[in-house]
Each structure stands twice: as structure tokens, then as C-alpha cells.
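Following: one structure in C-alpha cells, then a few remarks.
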Amino acid sequence: MMHNYNKIFEQHLHDLKQEGHYRVFATLERQSGNFPHAYYHDENGTRKQVTIWCSNDYLGMGQNKSVQQAMHDAIDQYGAGAGGTRNISGTQKLHCDLEASLADLHSKESAITFTSGYTANVGALSTLINLLDNPIVFSDALNHASMIHGIRSGNAQKRIFNHNDLAHLEALLKEAPIDAQKIIAFESVYSMEGDIAPIKEICDLADKYNAMTYLDEVHAVGLYGSNGGGIAQMRGLLDRIDIIEGTFGKAYGLMGGFVTGTQAMIDAIRSFSSSFIFTTALPPAILAGALASVEHLKVSEIERKTAHINARYLKDALEENDLPYLQGDSHIVPLIVGDAVCCKAVTDILLNDYDIYVQPINYPTVPKGTERMRLTATAAHTKDDIDKMVSALTELYQEHRILERMAG
């Protein structure tokens, strides 16, 4: 029997499109100094300026002048690439400087950088699990795919607790053998819900049942805390978290990931993590830009304050117009649509008719029936930008009778 392999893939793609879950990438041309505005290129080659409403560059640090200058200087001084893996000629002095800065950020003994937040979670979690003696991992139901990947790669026993549900977490901890090694893995800010974990209470349970704590702060570092250390820093809990994972790809405005913890934990990850050992190191320009961004946000409050003021202004405007966002405590504002096809249609209209770009969030990122737009009012948005966005959304929700669809 002859197989038409291409036909199999075409059928899967056809089914995905019919369900409304096929992802279309918008081609953007960011303009230095003009964020959150960018040029959008459509399939016909036409270019127009749009306002971005779904960026993770929460503070606009991707276009911060000191960050850009640090990157230019690094290319001039060190060249383009790292030259190899960290083990084989790829460790630059900039790596050491950045890792020292990150350890200081979280008041930890040590830190290690990865090429992305995803690989940081996969590398750190899988390594810690494999080095422990058949541990049980207690994982929040809404943990990021990278955390799930890392836990699965570690072949651990896994217990999923309902999202931010302390009673369920404790019930699962009680069921575990008292002498079992345990890790509680969770996030601070959940990017699709916009809510924040009860970190202190989770730490209390970790102490009670002798578990390690692993906290993903990717959507919080740079944006929360007295010097950008995240939610744990803001709440005075850094010393109660064993491992903190973060990224440069969001509030810091670049790319790459990192993990901070004790010297022994970080050295174990450095020594045993395949996703660290066998990956080419981050290049000098990225390292220099990340270091400049981290150090800038340790002392500058203006970006954080502006972002939080803008997020509050957006939420208030949505409430005034009866638009149904998930009311979490973070800067992320998920606006529910509840249907994949409708969500895509609304975002297409925003792009084509209002020059507003926001990406629809559909399954499998969120469960079917909870499709949404994930709005981020960054430090670079103006109140005029926010007013225009809310006005456009109000018109579209009325025109497409979205609220009636959701109620029905």
C-alpha cells in the first residue's frame, strides 16, 4: 500500500481550519522608538500602521535607548555569535555578569541563563526531577506548556491540583507518602487568566509537607517588586521559594530565560541539563541587552508604574462598557469571546477596519468555549490608544451580539 503522507498532513490542517483553530501569523515591522505602533504587512504586500495590543514587551524595554546602545556596543566589541555551547568556548564574561545580576535580583546564591524561558523550564524541571529519588510533582492545572514538558521529561509521578486551589493541593499532599520527595510547581502570574497565585499559602503547604517550591515568574519579572524581582519579591517571599524561573522575552524586552536558586541546585542544572549543555550559548548582544534591561529596571520605577496605571485605566473602561474580562489582579486583561470562529472574526475586523492588532487565543492554548483576546496595555500605550481600543471593542461586541451568544 502506497501512503500519501502529504495528504495526511493536509487533512489535519483542513480540520484545524474548519474548527476555527488554525493559527495565522501577522507579519509585523516594529519601528524603533514608536512602540506599540508597527507596520503590518498583509498577504497582498500592502503595508499599514497598526497599534499592537497583545505584546509581551510590557514595559517597552525592547526599544529602550540604553538597552539598544548596550547591544550595539556588544556587537562592536565582541562580534555576533557566542562561538559554541557554554561548555565549549561559548561562556562569555557577559554570561557571568548577567547571572550575577540575576542572582542578586532574586537574593539567591546563583543563577543560570538559557536560550529561552521554555528551555529554562524544560531543562530545570526535568533535571531536578531526575536527580531526586522518584519525587512527586504537584503541578497547577494551568501551568505553562513548558512546565508540563519539563515535568513529563523528568518521568515523575505527577499530581495536578485545580488552579490556585489550596484545599485541593493540600488534599493531594496529604495523600502522598510522608517520606516522599516533593516539588510544588506553579506560576505567579497566569498569562491566559490574568490572575496571581497565592504564593505565601503555597509556601506554607510546602513547609508543612516538606516540599520544594518551583515558581515560574516569566510574566512578572521586571514588572513587579521593588527592583523587578517579580511577585515573590513584591510580597516579601523570595526566601521561601527554592527555584525561580524567569525570562528576558517579556518585560525585559529581549529573549532568553533563566533560573535562580542555591549554588548546589544551579550547579546541578548546569551539570546535568541536556537542554543547557547541548545548546549554543546566547550571543553577546542579547546578553548585553538583557543585562542593561535588568539593571535599568532594578532602579527605575517609571516603566512599572505607567504599565500598572494603564492596565487599571483599561480595566475601568471595559467595566464601564460592560465588556466581560477576567478580573485578575495582574496587568494582563483576558477579554472573553467564547467561540473560536467569532474570536478570529472580531480580531480580523479590528485589524482591517480599526488598525488594531490583537491575536485571537484559541484551543489548545485555552479550553474550547473560552476563546478570548488577551489584551496588554503596556507602559508605551497612551490613554488615547486605550480609549480607541475600548470604543472599537464596544462597537464590535454590540454588532456581533457577542454577549448574547455567551449568555445563550
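Ser226 is checked against (1) under 18 Å from the mean Cα position of the chain (by Cα); (2) open to solvent by 10 Å² or more (accessible area, probe 1.4 Å) and fails just one. What number does that condition carry?
Every condition holds for Ser226 apart from (1).
Restricting attention to region 262-304, which residues are among the hydroxyl-bearing types (Ser, Thr, Tyr), within 27 Å of Gly79 (Cα to Cα) and open to solvent by 10 Å² or more (accessible area, probe 1.4 Å)? Spell out how you get there, then give the answer.
In the first step, residues of region 262-304 are kept if they are among the hydroxyl-bearing types (Ser, Thr, Tyr); the result is 262, 271, 273-275, 279-280, 293, 300.
If we keep only those that are within 27 Å of Gly79 (Cα to Cα) as well, we get 274-275, 279-280, 293.
Within region 262-304, Ser274, Ser275, Thr279, Thr280 qualify.
Among Gly246, Gly225, Gly236, which is small (Gly, Ala, Ser) and in contact (Cβ under 8 Å) with a residue 60 or more places away in the chain?
Going through Gly246, Gly225, Gly236 in turn, the sole match is Gly246.
Condition check: outside any helix (DSSP H, G or I) and open to solvent by 50 Å² or more (accessible area, probe 1.4 Å). Does Gly236 satisfy that? Before the answer, list the steps.
Values: outside any helix (DSSP H, G or I): yes; open to solvent by 50 Å² or more (accessible area, probe 1.4 Å): yes.
So Gly236 passes the test.
Does at least one position in region 182-196 carry a residue that is open to solvent by 50 Å² or more (accessible area, probe 1.4 Å) and assigned to a loop (DSSP other than H, G, I, E, B)?
No, every residue in region 182-196 fails to be open to solvent by 50 Å² or more (accessible area, probe 1.4 Å) and assigned to a loop (DSSP other than H, G, I, E, B).
Report the residue count in region 1-47 for those that are among the hydroxyl-bearing types (Ser, Thr, Tyr), surrounded by 14 or more Cβ atoms within 10 Å (Cβ to Cβ) and in a loop (DSSP other than H, G, I, E, B).
1
Considering Ser55, Ser66, which residue is closer than 24 Å to Glu217 by Cβ and touching a strand residue (DSSP E or B) at 6+ places or on another chain (Cβ under 8 Å)? Steps first, please.
Values: Ser66 fails: touching a strand residue (DSSP E or B) at 6+ places or on another chain (Cβ under 8 Å).
Sole residue among the options that is closer than 24 Å to Glu217 by Cβ and touching a strand residue (DSSP E or B) at 6+ places or on another chain (Cβ under 8 Å): Ser55.
Within region 53-61, is even one residue over 24 Å from the mean Cα position of the chain (by Cα) and in a loop (DSSP other than H, G, I, E, B)?
Narrowing region 53-61 to residues over 24 Å from the mean Cα position of the chain (by Cα): none.
No, there is no match, as no residue in region 53-61 is over 24 Å from the mean Cα position of the chain (by Cα) and in a loop (DSSP other than H, G, I, E, B).
Of the residues Asp316, Asp329, Asp322, which single one is in contact with a strand residue (DSSP E or B) (Cβ under 6 Å, 6 or more places away or on another chain), open to solvent by 40 Å² or more (accessible area, probe 1.4 Å) and either more than 30 Å from His21 (Cβ to Cβ) or not in a helix (DSSP H, G or I) (or both)?
Asp329
Here are Leu254, Leu215: which of them is closer than 25 Å to Ile361 by Cβ, in contact (Cβ under 8 Å) with a residue 24 or more places away in the chain and either open to solvent by 40 Å² or more (accessible area, probe 1.4 Å) or not in a loop (DSSP other than H, G, I, E, B) (or both)?
Leu215
Here is a check on your reading of the model: is Gly246 within 13 Å of the chain's Cα centre (by Cα) and crowded, with 24+ Cβ neighbours inside 10 Å?
yes
Could you please find all residues in region 84-99 being open to solvent by 10 Å² or more (accessible area, probe 1.4 Å) and either touching a Lys or Arg at 6+ places or on another chain (Cβ under 8 Å) or touching a residue at least 12 places away in the same chain (Cβ under 8 Å) (or both)? If you could, list the steps in order and put the result at the bottom.
So the first thing to find is which residues in region 84-99 are open to solvent by 10 Å² or more (accessible area, probe 1.4 Å), and the list is 84-89, 91-94, 96-97, 99.
Matches in region 84-99: Gly84, Thr85, Arg86, Asn87, Thr91, Gln92, Leu94, Asp97, Glu99.
Quick one: is Ala307 out of contact with any Phe, Trp or Tyr (no Cβ under 9 Å at 6 or more places or on another chain), at pLDDT 95 or above, assigned to a helix (DSSP H, G or I) and open to solvent by less than 20 Å² (accessible area, probe 1.4 Å)?
Spelling it out, it is not the case that Ala307 is out of contact with any Phe, Trp or Tyr (no Cβ under 9 Å at 6 or more places or on another chain), at pLDDT 95 or above, assigned to a helix (DSSP H, G or I) and open to solvent by less than 20 Å² (accessible area, probe 1.4 Å).
A quick yes/no check of all residues on (1) out of contact with any helix residue (DSSP H, G or I) (no Cβ under 7 Å at 6 or more places or on another chain); (2) of a type in the set (Gly, Ala, Ser):
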site	(1), (2)
Gln233	yes, no
Phe248	no, no
Phe276	no, no
Ser300	yes, yes
Lys305	yes, no
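Can you say whether Ala345 is open to solvent by 20 Å² or more (accessible area, probe 1.4 Å), touching a residue at least 12 places away in the same chain (Cβ under 8 Å) and within 22 Å of the chain's Cα centre (by Cα), as far as the supplied structure shows?
no
Taking region 334-359 on its own, how many of its residues are touching a helix residue (DSSP H, G or I) at 6+ places or on another chain (Cβ under 6 Å) and closer than 22 Å to Ala220 by Cα?
1
Filter region 100-159 for residues that are open to solvent by 40 Å² or more (accessible area, probe 1.4 Å), among the small types (Gly, Ala, Ser), assigned to a helix (DSSP H, G or I) and touching a strand residue (DSSP E or B) at 6+ places or on another chain (Cβ under 9 Å) and give the result.
If the condition is that a residue be open to solvent by 40 Å² or more (accessible area, probe 1.4 Å), among the small types (Gly, Ala, Ser), assigned to a helix (DSSP H, G or I) and touching a strand residue (DSSP E or B) at 6+ places or on another chain (Cβ under 9 Å), then Ala100 is the only one that fits.
The values are calculated or read from the model by the stated rules, or taken from the named source; none is laboratory data. Just so you know, these numbers come straight off a predicted model, no measurement behind them. Here the Cβ is made from the backbone with ideal geometry for all residues, glycine too, and neighbour counts use every protein chain on show. The area values use the complete protein model at the heavy-atom level, side chains included, leaving out ligands, DNA and RNA. Shrake-Rupley method; radii C 1.70, N 1.55, O 1.52, S 1.80 Å.
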